[in-house]
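Participant: Shown below is the structure under consideration.
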Amino acid sequence: FPVTNSVGATTGNTLTFTTTTPLPAVTTTNASYVTAYTASLNGYVTPNGIDTSVYFEWGDRSDLLALSSSNQPIGNGTNSLLNWASIGSLAPDSTYFFRIVAVTTNSSPTNKTYGATLSFKTDLDLMA
């Protein structure tokens, strides 16, 4: 590609580049409907035009979210979508940690985008 100015003319190198589609945007939001034994985990995901599925990770340690909800496909749209998962078999008066995870399903390798880790505390079991 020749370029000319008042000093003269020169030809530069031809470079190539590849554009990428942005990964899904994820936001973990507060748990809701918390009881002594159950809770609803919540978060938003914007797929950004990529086929995406969503699940939640949780556990009783912030550094080890060993449990997960089922993976739910949410499509490839561009709007932010509210996602939730109801979990049970929790211990009363206990603190749990959780985050939302978006998984791109049409890329290789599969990419995961993690939301922030939040926490909630289950209620006391007043009937015990």
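Participant: Work out the charge dipole of the chain with +1 on the Cβ of Lys and Arg and -1 on the Cβ of Asp and Glu about the Cα centre, then indicate which of P92, T52, F17 is farthest towards its positive end.
Facilitator: Value computed over the given set: F17.
Participant: Same structure, new question: Restricted to Cα positions, what overall size does the chain have along the principal axes? Three whole-Å values, descending.
Facilitator: Here the Cα extents, ordered largest to smallest, are 88, 27, 23 Å.
Participant: Pairs of alpha-carbon atoms within less than 8 angstrom and 6+ residues apart define the contacts here; what relative contact order does the chain have, in percent?
Facilitator: 28 percent
Participant: Hey, what's the stretch 25-128 come to in accessible area per residue, 1.4 Å probe, Å²? All intermediate terms of the calculation are to be shown ahead of the outcome.
Facilitator: On the way: 5750 Å² over 104 residues.
Dividing the accessible area of the stretch 25-128 by its residue count gives 55 Å².
Participant: Taking 0.36 nm per intervening residue step and subtracting the Cα-Cα distance, what contour gain separates N5 from T95 on full extension?
Facilitator: Gain on extension, N5 to T95, equals 25.6 nm.
Participant: As a test of reading the structure, rank V26, V101 by solvent-accessible area (1.4 Å probe, protein chains only), most first.
Facilitator: V26, V101
Participant: While we're looking at this one, here's another question. Mind checking the dipole of the chain: about its Cα centre, +1 per Lys or Arg Cβ, -1 per Asp or Glu Cβ, Debye to the nearest 20? The partial results should precede the final answer.
Facilitator: Details: 4 positive and 7 negative charges, 74 e Å.
In debye, rounded to 20, the chain gives about 360.
Participant: Could I ask something else about it? Could you tell me which of rounded, prolate or oblate describes the stretch 24-92, using a ≥ b ≥ c as the square roots of the eigenvalues of the alpha-carbon gyration tensor, with rounded for a/c under 1.5 and, failing that, prolate when a/b is larger than b/c and oblate otherwise?
Facilitator: It comes out prolate by the Cα gyration axes.
The values are calculated or read from the model by the stated rules, or taken from the named source; none is laboratory data. As the structure is a prediction and not an experimental result, all values here were calculated from the model. Positions of Cβ are generated from backbone atoms using ideal geometry, with glycine treated the same way; all protein chains shown enter the neighbour counts. The protein model used for the area step is the full one, side chains on, heavy atoms only, and it has no ligands, DNA or RNA in it. Shrake-Rupley method; radii C 1.70, N 1.55, O 1.52, S 1.80 Å.
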